[in-house]
Amino acid sequence: MSLVLLIARRVAGAVSILVVLSALIFAATEVLPGDAAGVLAGGESSQADRDRLRQDLGLDAGLAHRYLTWATAAAHGDLGTGYVGHRDVAAVLADRLPNSLLLAVLAMAVAVPAAVAAGLAAGLRGGRRTDRMISTATLMAAAVPEFLVAAVLVAVFATGLGLVPEVSLVPLGSRPWRAPAVLVLPAAALAVTALAVAARLVRASVVDIASAPYVEAARLRGVTGTRLALRHVLPNAVGPAVQVVTVMFAGLIGGAVVVETLFNYPGVGYELQQAVANRDVPMVQGLALAMCTTTLVVLLLGDIVHVLLSPVLRGRS
Amino acid sequence: MSTEPVARVSDLTIGPVGGGAATVSGLNLTVPNRGVLALVGRSGSGKTTAALSLLGHLRPGLVRRGGAVHVAGQDAFTPGGAAALRAGTVAYLPQDAAATLNPSRRLGTQLAEAAGPRSVAELLDAVHLNVDRGFLRRYPHQVSGGQAQRVAFALALARDPRLLVLDEPTAGLDAVLVRGIRDLIAELLGRTATVLVSHDPELVSAVADEVVVLEAGRRVEAAPPRRVLSRTRGARRATVSPEIALSASGLTARHGRTTAVAGIDLSVISGECLALVGPSGSGKSTLARCLVGLHPYRGEVALRGTVVAGAAARRTAEQRRQVQLVAQHSVGALNPRETVDTALRRPLRHLRGLAEPAASAEIARLLDRVRLPSGYARRRPGRLSGGERQRVNLARALAVRPDVLLCDEVTSALDAHTGDAVLDLLAELRHDLGLTVVLITHDLATVARHADSVAVLDAGRVVEYGPVDAVLAAPDHVVTRALVGAAGT
Amino acid sequence: MTAGRRSPATLVVAGFAATAVAVVALTGPELATGSPTAPVGLPFDVPSAAHPLGTDAIGRDVLSRVLHGGRTVLLLSAGATLSAGLLGAALGILAGLAGTRAGEIVVRVVDVVAVVPALLVLLVLAAGLPGSDLAVLAGVTLVSLPFSVRVVRAATRSVAVSGFVEVARARGDSRWQVVRHDILPNVAGTVLAETGVRFSAAVHLCATAGFLGLGRGAPAANWGRMVSENAAGLSLNMWPVLVPALLLVVFTVAVNLLADDLAVRWGEA
């Protein structure tokens, strides 16, 4: 099967998963459709008011009908209007997404090299002290929920040492990178967990490869140290490495919600959490769909890069 | 040419890091400068550990407790000595030679890197690989198993080592590949000293100049010569009209898209032993599983003349009782979480409806039949040796009083001595109980000793069939001839 | 090759710590003397004799809230782990025994959920069922399901091709008999190990869900939510943030250490 066909199949698969997910998101959030009208109309409204509002919003149509309306609009880039403040969902997304991406990129810039280094060190010295120390440290760091990691960082660096601001007070309309100090703690908090998880994955792959017969054979042919790592181990680590990075990125999306909420950072995660708290259903739907799409795109890209870089997979297809 | 031995192992003891029984204990070995020294013994006897020590290598978890290894004047267990040895004096090839090729690097790159003073073309020539330039650009998974094997050999021989260590080079391979390896080894004899670790007695007898036997890490005197068994024929030779215990007609089966068994016709006379042989992939195991009802097939299978349903689940209990399968790997054939007692009780309960106290009595009788002490009933498979597990396997098959036993490679996971014992037991049972046996094996020596007729399979078809003496003496088909040639010397 | 076994001392300490926190969480409400919801003083009062941990953002007794706040997290995690385990085992065994194609389909269906980041699933469910602990339970169950199904299916498949299973099938043992005698005992170890891993992930998620305000809301006490409720007054009284945080950290780390060791042991078994 040619490469183009392979990629086309993967893309088709991703799109179909996205469609299924959109339906699931819609169904999950519209479990109690009537309440939307109730929320908007307010507690004091009469039944008649609510019914009229329901009709106006098109909430009296069937679930399937409403889903199709929403989905087709979304496919054209129209994600509707939020209940709270009548904000255009797509506009909010466009505004907040760059902030979240910035945070994610910063976190990965720190976490990826550190994870690779730690994972390699631990994996190549498997079973010995370095490995045990790194493994235990990463296990513990990965175990602690992100909000606690962030809370500790705030307590120590912000409240305690006063080095950085506690909350990301970004003036309305401005961008976080104009006030870089607000980026430090959130990115650090994200990086810690991402690093811990990724380092463990890298270590596992390195151990796998290092114990492969061809590595032992190379060792017994006299190849050692750096040459062994670079020429014999690394080429086989590409596949696992790509996987680690994509998993890491997908994980950052979840971590971002927590960190942005804790720091009041103006990103997509923060908006999502607010939307859930306010029962702003269209906002939740739109943002959730956007996050799923991002995850799928990242996974798809990782998949494709993996196939492109791996001789074995290319040969088989 | 010096007559000094190329390697000397003195009083070597190696054991696990945390303490425990030594893997190799007080081993003394002298490897002559030329020729092949074979290290034989059961699995777990310390052969691989001893072989790796010639390169100063210890598998993770092992530590040298005493003794020394000197190869070509170097102490293998000093860092400098080990490095010097690995740089080209000693070469090592593990069991699956092809797995030593890095899957992400082209063959040409790997050969060039290892080549050193000689050229890649010379290397390939030495292992008789006539290839074009395109070959060098391929990756290991893009060439055949045999070719990958030879490339691995070429890599090992690249620096003209003085000592070559081969660890189980033929284990798990079919006859044709085995023959290729044997020829390769024979050719190398003049050029380098070789230590051959193997529990393949035919390979050892074919190439070894000296044989050292290891048992539980110690060197022992060579085992007594194998008994030449008298032919054990089924007592029930056809008197009036032979009854057909099991027959297949037009049997066809597939594995996914490939045809594994293609229109096979077969009859097994009651009381006889039919051997099914053929290279790996010829469909022997699939055929066995079809006969027992574990694999879907087209065509007919008949037991004592009555056609049975295709799937075991749709056959009657009586029909299921008549044919029993004794599986290949004794480890996987028994449930590790079940005691021997439970393993035997289940068939007694399900197919013979036995309850206490009849069941326990029968279990005791069965264990006795297979020459196992009655106390073994309480053991789990983990506490049994390979040969003992295979006996329990047999006992379980016999529990339902079958007419036909299908034995699929029952000794291929055992060393020769234990395997012989199991086959002897089988012959005895056949004689005493009047069983019909279908023996699937790749070992023609077994066929010669135990079978009455033999059917040779190739690519899912029977290509030759007849009495054992006739077929082995004058093989007709090319596959049969290849098998006979690979076996005998 | 693994990271080498943890020393027994480490495991004992971890076990002890996890048990201690679990006891506090589960029996706390019985041990508490004060009310977790009634204001008893000024917000963020420092510790006193009457209130050893001071008061929180609304003036409630912190100690009482701490004693009441663990039950939800623990019960939700345990509940989700159990239901995902049962469901996953059932689906996994079915998928493992079915043909390769059918099994793949089951895995793929379940994997659709695996694509979505865990917190997103919880948030979306919470949007549909606000203030519901059940939604959190369902969410965590759903999120852990793909992992469970995969592991059980893989274990089942590797057992299902064993000789002894084939012998049982050839003998005509019913599907249920084969599952009961041959499959289950041999996958139990793997299932146990993956349960440990899933439990630690579930605790992680439930604590985070509490922090984000999902599940039963104010005024119920919840360790995760206490961290977010009282963060503003960190400089005035740190205990309402520190104590629940510490309890959660100790518990998650201890459970992870134990689960990891369990997974390693069964991997080698």
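The values are calculated or read from the model by the stated rules, or taken from the named source; none is laboratory data. Computed from a predicted model, the values in this text were never measured in an experiment. All Cβ positions, even for glycine, are placed from backbone atoms using ideal geometry, and neighbour counts span all protein chains on display. Please note that ligands, DNA and RNA were not included when accessible areas were found on the heavy atoms of the full protein model with its side chains. Shrake-Rupley method; radii C 1.70, N 1.55, O 1.52, S 1.80 Å.
Residues of the stretch A:214-249 that are more than 10 Å from chain B (Cβ to nearest Cβ) and open to solvent by 60 Å² or more (accessible area, probe 1.4 Å): A:THR226, A:LEU230, A:GLN243, A:VAL247. Could you say whether any residue in the stretch A:228-248 is at negative phi, among the polar types (S, T, N, Q) and touching a residue at least 40 places away in the same chain (Cβ under 8 Å)? Yes, because at least one residue in the stretch A:228-248 is at negative phi, among the polar types (S, T, N, Q) and touching a residue at least 40 places away in the same chain (Cβ under 8 Å). With the condition kept exactly as written, say whether any residue in the stretch A:30-52 is closer than 20 Å to C:GLY139 by Cβ and modelled with pLDDT of 75 or more. Scanning the stretch A:30-52, I find at least one residue that is closer than 20 Å to C:GLY139 by Cβ and modelled with pLDDT of 75 or more, so the answer is yes. Scanning the stretch B:291-300 for residues that are more than 9 Å from chain C (Cβ to nearest Cβ), over 24 Å from the mean Cα position of the chain (by Cα) and either buried (at least 23 other Cβ atoms within 10 Å of the Cβ) or at positive phi (or both) returns B:TYR297, B:GLY299. Identification of helices (runs of 4 or more DSSP H) wholly contained in the stretch C:53-133 with 3 or more residues that are within 13 Å of chain A (Cβ to nearest Cβ) and open to solvent by less than 50 Å² (accessible area, probe 1.4 Å) yields C:100-115, C:118-128.
Tallying residues that are of a type in the set (Lys, Arg), within 18 Å of C:ARG180 (Cβ to Cβ) and open to solvent by 40 Å² or more (accessible area, probe 1.4 Å) within the stretch B:312-353 yields 3. Could you tell me whether any residue of the stretch C:184-195 is away from chain B (no Cβ under 14 Å), in contact with a helix residue (DSSP H, G or I) (Cβ under 9 Å, 6 or more places away or on another chain), farther than 30 Å from B:GLN319 by Cα and open to solvent by less than 30 Å² (accessible area, probe 1.4 Å)? Yes, because at least one residue in the stretch C:184-195 is away from chain B (no Cβ under 14 Å), in contact with a helix residue (DSSP H, G or I) (Cβ under 9 Å, 6 or more places away or on another chain), farther than 30 Å from B:GLN319 by Cα and open to solvent by less than 30 Å² (accessible area, probe 1.4 Å). Among the residues of the stretch A:158-194, the ones that are open to solvent by 50 Å² or more (accessible area, probe 1.4 Å), within 14 Å of chain C (Cβ to nearest Cβ) and modelled with pLDDT of 80 or more come to 1 in all.
C:LEU236 meets all of the listed conditions (1) among the aliphatic types (A, V, I, L, M); (2) part of a helix (DSSP H, G or I); (3) at pLDDT below 85 but one, namely (2).
Condition test on B:ALA364, is it at the interface with chain C (Cβ under 7 Å from one of its Cβ atoms) and open to solvent by 20 Å² or more (accessible area, probe 1.4 Å)? Considered against the rule, which asks whether it is at the interface with chain C (Cβ under 7 Å from one of its Cβ atoms) and open to solvent by 20 Å² or more (accessible area, probe 1.4 Å), B:ALA364 comes out as no. Selection of the stretch C:212-233 for residues being more than 20 Å from C:ALA22 (Cβ to Cβ) and either in a helix (DSSP H, G or I) or within 11 Å of chain A (Cβ to nearest Cβ) (or both) yields C:LEU212, C:GLY213, C:LEU214, C:GLY217, C:SER228, C:GLU229, C:ASN230, C:ALA231, C:ALA232, C:GLY233. Note on the stretch A:201-213: among residues that are in a helix (DSSP H, G or I) and surrounded by fewer than 24 Cβ atoms within 10 Å (Cβ to Cβ), the one that is farthest from the chain's Cα centre (by Cα) is A:PRO213. Taking the listed residues C:VAL149, C:VAL159, the one that is within 10 Å of chain B (Cβ to nearest Cβ) and open to solvent by less than 30 Å² (accessible area, probe 1.4 Å) is C:VAL159, with no other qualifying.
The residue pairs whose first member lies in the stretch B:239-268 and is over 15 Å from B:HIS295 (Cβ atoms) and free of Cβ contacts under 8 Å to residues at least 40 places away in the same chain, whose second member is outside any strand (DSSP E or B) and of a type in the set (Gly, Ala, Ser), and whose beta carbons are closer than 9 Å, counting only pairs six or more residues apart or on different chains, are B:PRO242/B:SER270; B:PRO242/B:GLY271. Taking first residues from the stretch C:58-71 that are more than 15 Å from C:ALA20 (Cβ to Cβ) and partners that are crowded, with 24+ Cβ neighbours inside 10 Å and basic (Lys, Arg), the Cβ contacts under 9 Å between residues at least 6 apart in sequence or on separate chains come to C:GLY69/C:ARG225.
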